[in-house]
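The values are calculated or read from the model by the stated rules, or taken from the named source; none is laboratory data. On a predicted model such as this, the values are computed, not experimentally measured, just so you know. Please note: Cβ atoms are built from the backbone with ideal geometry, for glycine as well, and neighbour counts cover all protein chains shown. Side chains included, ligands, DNA and RNA excluded: accessible areas come from the protein's heavy atoms. Shrake-Rupley method; radii C 1.70, N 1.55, O 1.52, S 1.80 Å.
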Amino acid sequence: VVLALFLPFLTMVIVSSIQLYQGMTSLTLERRAALAGLSALYLQERFDHLVSLGNSYATRMTVRKSVAEGDWNSAIKILEEIPKNFPPIERIFLTDIHGTETADFPQVPGVIGRNFAFRDWYKGVTKEWKPYVSEVYKRTAEPQYNVVAIAIPIKQDETPLGILVLQIRLDRFLDWSKVV
């Protein structure tokens, strides 16, 4: 008799516990998905800002004129303020349309004259001559650490003249994700 009275109560407790567990699991997964979506949106906004920043510098008349004349040093002098004023960008460099580095800031010995046409950022930007955010890669310059490049074409009347590359250390993305 006691078992007959206790069994429905026990069944109800077990079913309720299972439903509660499933509901909590579903709520936790939804919360994590929302957080992941927010993080992705935040990082996308940061990338979009950096692409816009690069575009604003690459379209400056003085930069385009210097690059068109092959005066890479004058062009990089104009662009030196980028890493100074925007700390996420730790290094910038210019390449010709074939991917050969022509100028950089801060200067790194041994990279001027090297061709980077094998890099993802070069292949991406030259595909349609539009700004491109690269995959993560290990930079050539010492110290070698993982970076992401934002490559922006420098054009005159839709004719490519060169490429502006903004390098951002991977550590920055971890810092940005901590904000979220």
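Here are the numbers:
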read-out	value
Residues satisfying the stated conditions in segment 126-143, i.e. open to solvent by 90 Å² or more (accessible area, probe 1.4 Å) and closer than 22 Å to Gly70 by Cα	Lys130
Flag for Tyr42 being under 21 Å from the mean Cα position of the chain (by Cα), aromatic (Phe, Trp, Tyr), in a helix (DSSP H, G or I) and loosely packed, with under 15 Cβ neighbours inside 10 Å	yes
The lone exception for Gln107 - which of (1) part of a loop (DSSP other than H, G, I, E, B); (2) among the polar types (S, T, N, Q); (3) more than 29 Å from Leu170 (Cβ to Cβ) it fails	(3)
Check on Asp96, more than 15 Å from Leu50 (Cα to Cα), under 18 Å from the mean Cα position of the chain (by Cα) and surrounded by 15 or more Cβ atoms within 10 Å (Cβ to Cβ)	no
Test: residue in segment 102-125 that is of a type in the set (Gly, Ala, Ser), surrounded by 15 or more Cβ atoms within 10 Å (Cβ to Cβ) and under 14 Å from the mean Cα position of the chain (by Cα)	yes
Val67 being open to solvent by less than 30 Å² (accessible area, probe 1.4 Å), of a type in the set (Val, Ile, Thr) and within 19 Å of Phe47 (Cβ to Cβ)	no
Residues (closer than 30 Å to Val133 by Cβ and either over 35 Å from the mean Cα position of the chain (by Cα) or not acidic (Asp, Glu) (or both)) located in segment 3-39	Leu29, Arg31, Arg32, Ala33, Ala34, Leu35, Ala36, Gly37, Leu38, Ser39
